[in-house]
Amino acid sequence: MAVRACGLIIYRRLQSAPSSKVTDAIEYLLLQTSYGTHHWTPPKGHVDPGEDDLQTAFRETQEEAGLQASQLTLIEGYKKELHYPVRGKPKTVIYWLAEMKDCNTEIKLSEEHQAFQWLKLEDACKFAEYEDMQATLKEVHQFLCSKE
């Protein structure tokens, strides 16, 4: 049985000059773990008994970044499932996409993370070392660009 985790890819739109492209004003939230290799990842975590996947994504976001569901807008039409091995066991991670309602909302980290960054796509891909996460961020960005 694969380990199952769920999370949210969270982005914010900066109030930018009208001349700049909307997509240039998008930043993604990544958290740096305080364990292991200190990798950067969107908020995510294991599904608890009795929870559905989306409940898990919102609960983990609240626990890891201090963001309530009411502070986010879930973006319809995007859901990504990643599969990869962790210590020799299969893991499935499901991500949804959510926008910050207020781009200045404070992030409050839990003990699981030691830092956070709001990053434009190119930098977010540098921080996210895993190729499947980089590909997912690019896919999200394309999805958001296509909605403009």
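Angle of helix 131-147 to the longest C-alpha principal axis of the chain, folded into 0 to 90 degrees and rounded to 10: 40°. Beta bridges assigned by DSSP with both partners in the chain are antiparallel in approximately 75 percent of cases.
Ranking Phe58, Phe116 from most to least accessible surface, computed with a 1.4 Å probe over the protein chains only, gives Phe116, Phe58. Label sites at Tyr130 and Ser110, each approximated as a point 7 angstrom past Cα along Cα to Cβ, lie 1.7 nm apart.
In the chain, the DSSP-assigned H stretches of four residues or longer account for a calculated mean residue ellipticity at 222 nm of -8000 deg cm²/dmol, using -39500 (n - 2.57) per stretch and the full residue count as denominator.
Of the GluC sites (Glu not before Pro) in the range 16-108, the ones in a loop by DSSP (not H, G, I, E or B) with at most 10 other beta carbons within 10 Å are Glu106. Electrostatic tally near Ser34: other residues with Cβ closer than 10 Å to its Cβ, Lys and Arg +1, Asp and Glu -1, net -2. Accessible area per residue of the range 15-148 at 1.4 Å probe, in Å²? Ligands and nucleic acids excluded, the result is 56 Å² per residue.
The heavy atoms of Thr37 present about 100 square angstrom of accessible area, all protein chains included, probe 1.4 Å.
Accessible area per residue was computed with a 1.4 Å probe on protein heavy atoms; Arg4 scores about 100 Å². Hydrodynamic analysis of the chain uses the Kirkwood radius over alpha carbon pairs. Inserted into Stokes-Einstein at 10 °C and 1.306 mPa s, it gives a translational diffusion coefficient of 102 µm²/s.
The values are calculated or read from the model by the stated rules, or taken from the named source; none is laboratory data. The shown structure was predicted, so the numbers you read here are calculated from the model rather than taken from an experiment. Note that we place each Cβ from the backbone using ideal geometry, even for glycine, and neighbour counts take in every protein chain shown. To get the accessible areas, we keep the full protein, side chains included, count just its heavy atoms, and leave off ligands, DNA and RNA. Shrake-Rupley method; radii C 1.70, N 1.55, O 1.52, S 1.80 Å.
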